[in-house]
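Working notes for the structure below.
The values are calculated or read from the model by the stated rules, or taken from the named source; none is laboratory data. The shown structure was predicted, so the numbers you read here are calculated from the model rather than taken from an experiment. Backbone-built Cβ (ideal geometry, glycine too); neighbour counts: all protein chains shown. Side chains included, ligands, DNA and RNA excluded: accessible areas come from the protein's heavy atoms. Shrake-Rupley method; radii C 1.70, N 1.55, O 1.52, S 1.80 Å.
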Amino acid sequence: MKILKELGFKESSDEWDRIYGIDYVKEINGKFIGVQIKPPTFSSTTSYKGKSHLRNQHRKFESKYGRVFIIIKNDDIKNPEVIDEIKQEIKRLSS
């Protein structure tokens, strides 16, 4: 994803994707920011069990490494405010 690459994110390893539900990751001063990309249908079609599983994966990541953000994306980002939140977290970890 172009904006994430511009912000210095790298695709996560297959292992991190399976364990933590993370598609992209950025390390800053020993902490990490994880990003999960989901389609717009995620909110309406994913079962509670599926969402609960993802939430548990993200909590596991957050307890070990840092924050996780979910970007809802099709052709464009459906929740663009999350990019500002990611930038704020980058700034916070960089200072």
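Given the options Ser47, Ser13, name the one that is open to solvent by 40 Å² or more (accessible area, probe 1.4 Å), polar (S, T, N, Q), out of contact with any Gly (no Cβ under 9 Å at 6 or more places or on another chain) and at pLDDT below 95. Exactly one of Ser47, Ser13 is open to solvent by 40 Å² or more (accessible area, probe 1.4 Å), polar (S, T, N, Q), out of contact with any Gly (no Cβ under 9 Å at 6 or more places or on another chain) and at pLDDT below 95, namely Ser47.
If you go through the range 60-95 and keep only what is at positive phi and out of contact with any Phe, Trp or Tyr (no Cβ under 6 Å at 6 or more places or on another chain), you end up with nothing.
Of the residues making up the range 54-63, one or more are over 26 Å from Glu6 (Cβ atoms), assigned to a helix (DSSP H, G or I) and touching a residue at least 40 places away in the same chain (Cβ under 8 Å). Of the residues screened, Val82 is one that is surrounded by 11 or more Cβ atoms within 10 Å (Cβ to Cβ) and part of a helix (DSSP H, G or I). Within the range 16-37, the residues that satisfy the criterion of being open to solvent by less than 50 Å² (accessible area, probe 1.4 Å) and assigned to a strand (DSSP E or B) are Tyr24, Val25, Lys26, Ile28, Phe32, Ile33, Gly34, Val35, Gln36, Ile37.
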